[in-house]
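Participant: After the structure tokens below, expect a handful of questions from me.
The values are calculated or read from the model by the stated rules, or taken from the named source; none is laboratory data. These figures come from a predicted structure and were not determined experimentally. Glycine gets a Cβ as well: all are built from the backbone with ideal geometry, and neighbour counts include every protein chain shown. When the accessible area is computed, the model is the full protein with side chains, heavy atoms only, and any ligands, DNA or RNA have been set aside. Shrake-Rupley method; radii C 1.70, N 1.55, O 1.52, S 1.80 Å.
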Amino acid sequence: MLDDLDDTATLTALLAWYRDMGADEAVGETAMDWMAHGGIAPGAELRERLAEAQPVAPPPVSNVATPQARPTAPPRAAPQARAPSAPPAPREVRNFPVTPPDVSQNAARSAAASVASLSALEAALKSFDGCGLKATAKNLCLYRGAERARVMLIGEAPGRDEDLAGKPFVGPAGQLLDRMLASIGLSEETVHIANIVYWRPPGNRTPTPQEATVCRPFLDRQIALVEPDFIVPLGGAAAKHMLNVAEGIMRLRGRWQDVQVAGRQVRMLPTLHPAYLLRTPAAKRMAWRDLLMLKAAL
Ligand code: URA
């Protein structure tokens, strides 16, 4: 119990560890003690539901995230810092899917397939539990801007501000993005802004390829509905995912690529992420060149 931790230094170290692991936000009113959850793995209910819906033998895939997301051992005090021992009411349980990615992706594909509008896409995402990011996010972040647009900008993932607002790119990076767009005569009224994943990754880590892949059927549907001629992936994670390549953003940026996406022929122009530009103002020159290329194409 936290009450037992009268050592301020230990408690501070514990909180710092939680923050470093990405647990920097409360996601519910009541703390959840998963250890006291009857030995049932988080997400087990969802896995059963999906397995029933699609009775294929799941491959032996664990939901252990990529190395960047793997937690390290907590400080010694962590075991004492459990949440209240009374099991929470069932409606408070939030699933943490351990579903094999192909099962989640099939579920995403069928959920996205019948969607005919952005509001239906929002409803489909709200009832989709196949992406583990949803469990720790406060809000779904679907899009900001016009419903139909010639230019669609796709970033990496919602951050803290976006998670609170439920809209992509509303924090400092988004404000810079708006200024960049304004410099070539574009605005929220004329572009559509989204991300490769719809929920904030804990601690603002980069989404794993698996998380982006699970969200992809929804993003493809979104692209089909928005009907952009130009897609601007913002930053390395978005560029690699959208172009399905391994090259870094410095090689990809400022080069048009004609690609078939969501059944449409579109021109993609990766550029630097505005959050990177905030940290590295000297790189704004490169982003400016990319913006001028977009303006010329428009
Ligand atoms: N960074 C992103 O990639 N997307 C957002 O929505 C906000 C910050």
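Participant: Which residues, counting only those in the stretch 260-298, are without any contact (Cβ under 8 Å) to a residue 24 or more places away in the chain and within 16 Å of residue 150 (Cβ to Cβ)?
Facilitator: 265, 296
Participant: Turning to a different aspect of this structure: State whether the residues of the stretch 121-130 include one that is away from the ligand (no atom under 16 Å from the Cβ), closer than 17 Å to residue 211 by Cβ, touching a residue at least 60 places away in the same chain (Cβ under 8 Å) and open to solvent by 20 Å² or more (accessible area, probe 1.4 Å).
Facilitator: Yes, that holds for at least one residue.
Participant: Go through the stretch 158-176 and give me each residue that's at positive phi and either open to solvent by 30 Å² or more (accessible area, probe 1.4 Å) or more than 8 Å from the ligand (Cβ to nearest atom) (or both).
Facilitator: Taking the stretch 158-176 and keeping what is at positive phi, we get 166, 169.
Listed by number, the list holds a single entry, 166.
Participant: Does residue 106 count as surrounded by fewer than 22 Cβ atoms within 10 Å (Cβ to Cβ) and assigned to a helix (DSSP H, G or I)?
Facilitator: Spelling it out, residue 106 is indeed surrounded by fewer than 22 Cβ atoms within 10 Å (Cβ to Cβ) and assigned to a helix (DSSP H, G or I).
Participant: Further question on the same structure: Report yes if some residue within the stretch 272-288 is part of a helix (DSSP H, G or I), more than 16 Å from the ligand (Cβ to nearest atom) and within 30 Å of residue 117 (Cβ to Cβ); otherwise report no.
Facilitator: No - not one qualifying residue is present in the stretch 272-288.
Participant: Would it be correct to say that residue 194 is of a type in the set (Gly, Ala, Ser), without any contact (Cβ under 8 Å) to a residue 40 or more places away in the chain and within 17 Å of residue 273 (Cα to Cα)?
Facilitator: no
Participant: In this structure, does residue 197 turn out to be more than 10 Å from the ligand (Cβ to nearest atom), in contact with a Leu (Cβ under 7 Å, 6 or more places away or on another chain) and among the β-branched types (Val, Ile, Thr)?
Facilitator: When the stated conditions are applied, residue 197 does not pass them.
Participant: May I pose another question? I'd like to know if the stretch 247-254 contains one or more residues that are under 26 Å from residue 123 (Cα atoms) and either touching a Ser or Thr at 6+ places or on another chain (Cβ under 6 Å) or open to solvent by less than 50 Å² (accessible area, probe 1.4 Å) (or both). Reasoning before the result, please.
Facilitator: Restricting attention to the stretch 247-254, the residues satisfying the condition of being under 26 Å from residue 123 (Cα atoms) are none.
Within the stretch 247-254, not a single residue is under 26 Å from residue 123 (Cα atoms) and either touching a Ser or Thr at 6+ places or on another chain (Cβ under 6 Å) or open to solvent by less than 50 Å² (accessible area, probe 1.4 Å) (or both).
Participant: Only one of (1) closer than 16 Å to residue 275 by Cα; (2) within 13 Å of the ligand (Cβ to nearest atom); (3) open to solvent by 30 Å² or more (accessible area, probe 1.4 Å); (4) at pLDDT 95 or above is not met by residue 179, so which one is it?
Facilitator: Failed condition: (2).
Participant: Now for a separate question. Quick one: would you say residue 222 is modelled with pLDDT of 95 or more, surrounded by fewer than 22 Cβ atoms within 10 Å (Cβ to Cβ), in contact with a strand residue (DSSP E or B) (Cβ under 7 Å, 6 or more places away or on another chain) and not hydrophobic (A, V, I, L, M, F, W, C)? Working first, answer last.
Facilitator: Details: modelled with pLDDT of 95 or more: yes; surrounded by fewer than 22 Cβ atoms within 10 Å (Cβ to Cβ): no; in contact with a strand residue (DSSP E or B) (Cβ under 7 Å, 6 or more places away or on another chain): yes; not hydrophobic (A, V, I, L, M, F, W, C): yes.
Taking the combined requirement at face value, the residue does not satisfy it.
Participant: Out of 204, 195, I need the residue that is in contact with a Gly (Cβ under 7 Å, 6 or more places away or on another chain), open to solvent by 60 Å² or more (accessible area, probe 1.4 Å) and polar (S, T, N, Q). Which one?
Facilitator: 204
Participant: State which residue pairs qualify: first residue in contact (Cβ under 8 Å) with a residue 12 or more places away in the chain and inside the stretch 161-174, second residue of a type in the set (Ser, Thr, Tyr) in any location, beta carbons under 7 Å apart, and separation of 6 or more residues or different chains.
Facilitator: Close Cβ pairs (under 7 Å, with a partner that is of a type in the set (Ser, Thr, Tyr)) amount to 168/143.
Participant: Do we find that residue 233 is under 13 Å from residue 151 (Cβ atoms) and within 23 Å of the chain's Cα centre (by Cα) in this structure?
Facilitator: Yes, satisfied.
Participant: Within the stretch 256-272, identify whether any single residue is loosely packed, with under 15 Cβ neighbours inside 10 Å and hydroxyl-bearing (Ser, Thr, Tyr), and answer yes or no.
Facilitator: no
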